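Down below is the structure, laid out as structure tokens.
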Amino acid sequence: MTVVAIDGPVGSGKSTVARMAAQRLGYLYLDTGAMYRAVGLLATEAGVRLDDEAAVVPIAAHAELRFDGDGRLFAGDRDVSGLIRSLEMGAAASVVSVLPGVRRLLVERQRTLGAGADIVMEGRDIGTNVFPGAEVKVFLTARPEVRAARRADELCAKGEEVDVDEVLDALLERDRRDSEREVAPLRKAADAVEVDTSKLSLDEVVAAVVAIVRDKVAS
């Protein structure tokens, strides 16, 4: 079993790169950030405060989150893949992810999903917390303005009207929150290979990650 942990801040390209790298390697793919977004969505729909741990933890516990073979995320029988990709749900994920009870539940679930298979798992604390013993660790990053432009393009492609400056402000706030949280903060693992994607095409980033994985596995 080979676990590939891909971490990095929002807008660094983790999800797309991890999914494409997994396809090229023939590995499973798991987007842990989507799980926090789903909990944020369910909590929002339930009308509870996102920072109310006593209210959000039961929601996470009964969410029945699972991925299908195409990488879509389900909460029970409901496909929430499209609903969780808004700027609002990104912010919601950042709030619920600091709740210790929520993180414990989802990390346990992530470890279960990632056990016994060659897998590419991406998030913000995979190499430092979820799978600290992962055979391969990659930390993707990019300049904030580049990440904001990418995120704005993604949202516009989905029909949302966004302002790049507002996206940048939200991104910087999420960076701050993710990096300063007490439980499993965003940081580069000491043994992770950093890849700055600011000036690289998607294919170049995927090729770099695949090369890192193959080199690590071969050695």
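The values are calculated or read from the model by the stated rules, or taken from the named source; none is laboratory data. Predicted, not measured: the structure shown is a model, and the values here were computed from it. Glycine also receives a Cβ, built like all others from the backbone with ideal geometry; neighbour counts cover every protein chain displayed.
Please determine whether any residue of segment 180-189 is over 13 Å from VAL3 (Cα atoms) and touching a Phe, Trp or Tyr at 6+ places or on another chain (Cβ under 8 Å). Yes, there is a match, as at least one residue in segment 180-189 is over 13 Å from VAL3 (Cα atoms) and touching a Phe, Trp or Tyr at 6+ places or on another chain (Cβ under 8 Å).
Of the residues GLU166, GLU154, GLU182, which single one is at pLDDT 90 or above and of a type outside the set (Phe, Trp, Tyr)? Just one listed residue meets the conditions, GLU166. Restrict the check to segment 27-48 and report whether at least one residue is of a type in the set (D, E, K, R) and farther than 19 Å from ILE126 by Cβ. Yes - at least one qualifying residue is present in segment 27-48.
Name the single residue that is surrounded by the most Cβ atoms within 10 Å (Cβ to Cβ) among those in segment 22-56 being acidic (Asp, Glu) and modelled with pLDDT of 95 or more. It comes out as GLU53.
Of the residues VAL120, VAL39, the single one that is among the hydrophobic types (A, V, I, L, M, F, W, C), outside any helix (DSSP H, G or I) and either closer than 30 Å to GLY26 by Cβ or under 16 Å from the mean Cα position of the chain (by Cα) (or both) is VAL120. Each residue in segment 173-204 was checked for being of a type in the set (D, E, K, R), surrounded by 15 or more Cβ atoms within 10 Å (Cβ to Cβ) and in a loop (DSSP other than H, G, I, E, B), and 3 of them qualify. Entry remark, segment 57-80: residues being surrounded by 19 or more Cβ atoms within 10 Å (Cβ to Cβ) and part of a loop (DSSP other than H, G, I, E, B) number 2 in total. Within segment 126-136, can one find any residue that is over 22 Å from SER201 (Cβ atoms) and of a type in the set (S, T, N, Q)? Checked against the condition, which is being over 22 Å from SER201 (Cβ atoms) and of a type in the set (S, T, N, Q), segment 126-136 yields at least one hit. Pairs meeting the criteria (first residue in segment 71-97 and within 21 Å of LEU113 (Cα to Cα), second residue of a type in the set (Asp, Glu) and crowded, with 17+ Cβ neighbours inside 10 Å, beta carbons under 8 Å, at least 6 apart or on different chains) are GLY71/ASP31; LEU73/ASP31; SER97/ASP178. Restricting the first member to segment 103-129 and to residues that are in contact (Cβ under 8 Å) with a residue 60 or more places away in the chain and farther than 23 Å from VAL217 by Cβ, and the second to residues that are aliphatic (A, V, I, L, M) and surrounded by fewer than 18 Cβ atoms within 10 Å (Cβ to Cβ), the beta-carbon pairs closer than 6 Å and six or more apart or on different chains are ARG103/VAL183. Can you tell me which residue in segment 105-126 is surrounded by the fewest Cβ atoms within 10 Å (Cβ to Cβ), limited to those that are more than 28 Å from ALA55 (Cα to Cα) and not hydrophobic (A, V, I, L, M, F, W, C)? Looking at the filtered set, the residue picked out is GLY116.
Flag set for SER94, criterion: among the small types (Gly, Ala, Ser), surrounded by 15 or more Cβ atoms within 10 Å (Cβ to Cβ) and at pLDDT below 90.
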